[in-house]
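Here is the structure we will look at, set down as structure tokens.
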Amino acid sequence: MRKTLRIVLWVVACLTFFMAGFLFIAWFTRYQPASIEAIEPLKIPLHRKTPDPLPDTLKLVTWNIGYAGLGASMDFFYDGGKRVRCSREETLENLRGIIQHEALSRRPDFILMQEVDKYARRTYYHDETELISAAFTEHTSWFVKNYDVKFVPLPWYNPMGRVVAGLLTLSKYPALESFRISLPGEFDFVTQLFMLNRCAHVLKFPASNNKKLVVINTHNTAFDDGTQRIAQWNFIRDYALKEYNEGNYVVVGGDFNLNPPCFNPNLISTGDNAYSQPGGYPPCNAFPQGWNFIYQKEFPTNRNVDEAYQRGKTPVTTIDFFILSPNISCIHHHTWFDGFRFSDHHPVEAEIVLLK
């Protein structure tokens, strides 16, 4: 009996030591970005080196590409599914589909992407930032890291492992400034060691009348009770208002993990099971009068990933959109609904005019 007890205690002690050591290494090697960091381009086209004033009419696309691993047939462990990656062949097929997608084949002036892997087991260590940047030869590209974990241990039967990922922003025009700003909010100590460090990428471009166009690419928190998302929404709102009050044009685009103000799921007309995002959404007066929220009300931009997508059954909602300051007019916008073929998000397009 005593021998058995000693063995049990020895096993427990070893497991405790192993877990403590693992957590210490995770803590010691954790990603700790500064609140503001300058971001240099990955690639600059040879003919685009001097920042000249932008044209008044511009096209933008925002798309959370789900690391090219969350196509229509995929489920995801952290959303209630079982997997964290599809096959190598499916991943590359999704990435090709994203690069060749009609939303991007029109070569918009700005492309705002989220969940792009730089170096990760879940995407077989393909550098998606380089592959995407190389496909858009006329664009300058910037990679902004928001996820850098040496080893994500879940799910235990097939761990996500190494992850380096973040935002990828592409522009036909060189920027005056490019920097990363950290967004507020943290999880508990252990969870935070394996989660994203949420951020936004801010770019500033010269516009007419000595103004600047401020473009913000953001990917806000998921998996919380809504508190962090609202805090991050308020942070971005305050930053956007500050830039606008200084006389600039402001465009914010990305995956907010929140429904836009005044969102009504009943307007989605695709026959899917539309819903409002848990955690609520900002009130209709979340921004002062004159600011606009750009998305196509008939089409969802995001699906639940607890199982493969099934039209009419899988819950869907809208969390990807643009925010425009009052001195910008939107003359066209479109959500590219394709049944979540290549990602668990759909791309959203906006054509805007910078008003004099």
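Readers should treat all values here as calculations from the given coordinates under stated rules, not as data from a laboratory. In this text the structure is predicted, and so the values were computed from the model without any measurement. Every residue, glycine as well, gets a Cβ built from its backbone with ideal geometry; the counts of neighbours run over all protein chains shown.
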message = Going Cα to Cα from Lys313, which aspartates and glutamates come in below 13 Å? Please leave out same-chain ones fewer than 8 positions away.
response = Asp272
inquiry  = If you take every DSSP beta bridge fully contained in the range 191-299, what fraction is antiparallel? Give it as a percent rounded to 5.
reply    = 50 percent
key: Tilt relative to the chain, helix 2-28 - C-alpha long axis, 0 to 90 degrees, to 10   = 20 degrees
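Expected output is a single nm value to one decimal: the length gained when fully extending between Glu102 and Ala135, i.e. 0.36 nm times separation in residues minus the C-alpha distance. What is it?
10.5 nm
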Rg(Cα)/(2.2 N^0.38 Å) for the range 187-298, N = residue count = 1.21
remark   = Set Lys212/Lys297; Lys43/Lys82; Lys242/Lys356; Lys297/Lys356; Lys204/Lys297, cut-off 25 Å on Cα-Cα distance; pairs above it are Lys212/Lys297; Lys43/Lys82; Lys297/Lys356; Lys204/Lys297
ask   = Roughly how many nanometres apart are two label points built 7 Å out from the Cα toward the Cβ at Ile331 and Leu267?
value = 2.3 nm
query = Using a cut-off of 19 Å between alpha-carbon atoms, which aspartates and glutamates can reach Lys145, once sequence neighbours fewer than 8 places away in the same chain are excluded?
reply = Glu37, Glu40, Glu115, Asp117, Asp127, Glu128, Glu130, Glu177, Glu186, Asp255
task = Enumerate by residue number the chymotrypsin sites (Phe, Trp or Tyr not before Pro) in the range 155-200 meeting two conditions: DSSP loop (anything except H, G, I, E, B), and at most 12 other Cβ atoms within 10 Å of the site's Cβ.
result = Trp156, Tyr157
ask   = Of the peptides 331-342, 197-208, 249-260, how do they stack up when ordered by the mean number of other Cβ atoms within 10 Å, highest first?
value = 249-260, 197-208, 331-342
query = Calculated from DSSP H runs of 4 or more alone, at -39500 (n - 2.57) each and per residue, what is the 222 nm mean residue ellipticity of the chain, nearest 500?
reply = -6500 deg cm²/dmol
task = Take the Cα pairs of the chain, get the Kirkwood Rh, then feed it into Stokes-Einstein at 10 °C and 1.306 mPa s and tell me D in µm²/s.
result = 75 µm²/s
key: Choice from Tyr147, Tyr67, Tyr31 with maximal GNM fluctuation in the chain (Cα, 10 Å cutoff)   = Tyr31
query = Kirkwood Rh, Cα Rg: Rg to Rh for the range 90-193?
reply = 1.01
request  = Please arrange Cys330, Cys284 by counting, for each residue, the other beta carbons lying within 10 Å of its beta carbon, fewest first.
outcome  = Cys284, Cys330
